[in-house]
Each structure stands twice: as C-alpha cells, then as structure tokens.
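> Can you read through this structure? Questions will come right after.
Taken together, the values in this text are just the output of simple stated rules run on the coordinates, not laboratory data. Everything numeric in this text was worked out from a predicted model, so none of it was measured. Don't worry about glycine lacking a Cβ; one is built from the backbone with ideal geometry, like all the others, and counts go over all protein chains shown.
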Amino acid sequence: MQWSRIVSLCVGMGLVGAVGCGGGVDAEHSLPGNPVAGAAIYARICVACHAADGRGNGGLTGGNFSEPARLAKTNTLLLSEIRDGLNRGPIAMPSQRGALSDQEMKDALSYIRKTFGGTQN
Ligand code: HEC
C-alpha cells in the first residue's frame, strides 16, 4: 500500500526514473541492468530510430521516450516489448529476440531509464 502510493506519486509527477524517485522505490521502475553496458547497445542498435536524445525524431522513427506514458510502464512490460516488438503506429519497434540476450535487453533499458527517464515532464 505504502509503496504503491509512492510509485503513483512518482508516475503522476512524471518522475519515474529520475534520481531519488524511480531508484530504490520500485524494482519495476528502477534500473534492471547495467546502464554502462546498455549505452554501447543503444549506440549500436537503438539510436538509429530512437536518436541520441531519445525522442525518436519527434516519434517519427522511434518511440519518443519523453512522452510520459512510455517510461511510466513497468520493466516487465517494456522488456517484453523490446523482446517481442511493438506495432501500434506507422512504424514498428522491431523484436530484439535473437539480436540481444535477456541481460542485454535489461542493460539497454537501464541506459534508457537512466538517460531519458528525467525528461518525461
Ligand atoms: C527500426 C526502428 C527501431 C529500432 C532499431 C529500435 N526501436 Fe524501439 N521503438 C521503435 C518504435 C517505432 C517504437 C514505438 C512503437 C509504438 O509505440 O507502437 C519503439 C518503442 C520502444 C520502446 C517504448 C515502448 C512503449 O511502450 O512505449 C522501448 C522501451 C524501446 N522502443 C526500446 C528499444 C531498444 C532498447 C532498442 C535497441 C535495442 C530499440 N528500441 C530499437 C522503433 C525502433
């Protein structure tokens, strides 16, 4: 009860992933892996669509991580979307199954949360 109220507050304020809010409060919104290892993966695969600033060229080429609804999702959901892909709009997020191990997906998500989590407001 107490934890979920804190998490709701963080989500409501758009602070999930920001220092002191995502970290340590809820395992589903804190870093699931190693952001340093994830940075190399992001630079190799994800940056082509999501761009260096995480905004996906205004969402035209990749999901825009500054949209609050995106990184407010749980790690479980985001990792399954990275693994299986996502196809809701004009461009699809390609499945990374086969390209990355589960650990590498966690590392890439950690880089995304650490780097772009604070931009969701
Ligand atoms: C070919 C372009 C492309 C590449 C490469 C790509 N993505 Fe995406 N990604 C997308 C698009 C497009 C979306 C938005 C899909 C939607 O909302 O329907 C997206 C969405 C996402 C989301 C947010 C899902 C949500 O629920 O809003 C995450 C997290 C993500 N990508 C992670 C990654 C990671 C990690 C990598 C690198 C391993 C990666 N993406 C590589 C295009 C790409």
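> Return a yes/no flag: does the range 53-68 have any residue that is more than 6 Å from the ligand (Cβ to nearest atom) and touching a Pro at 6+ places or on another chain (Cβ under 7 Å).
no
> Taking K106, is it crowded, with 18+ Cβ neighbours inside 10 Å and within 11 Å of the chain's Cα centre (by Cα)?
Numbers: crowded, with 18+ Cβ neighbours inside 10 Å: yes; within 11 Å of the chain's Cα centre (by Cα): yes.
Judged against the criteria, K106 is a match.
> Let me ask another. Could you run through the range 51-66 and say how many residues are more than 11 Å from the chain's Cα centre (by Cα) and not basic (K, R)?
Number satisfying all stated conditions: 10.
> Exactly one of these conditions fails for A40: (1) assigned to a helix (DSSP H, G or I); (2) within 14 Å of A108 (Cα to Cα); (3) within 10 Å of the ligand (Cβ to nearest atom). Give me its number.
Of the numbered conditions (1) assigned to a helix (DSSP H, G or I); (2) within 14 Å of A108 (Cα to Cα); (3) within 10 Å of the ligand (Cβ to nearest atom), the odd one out for A40 is (3).
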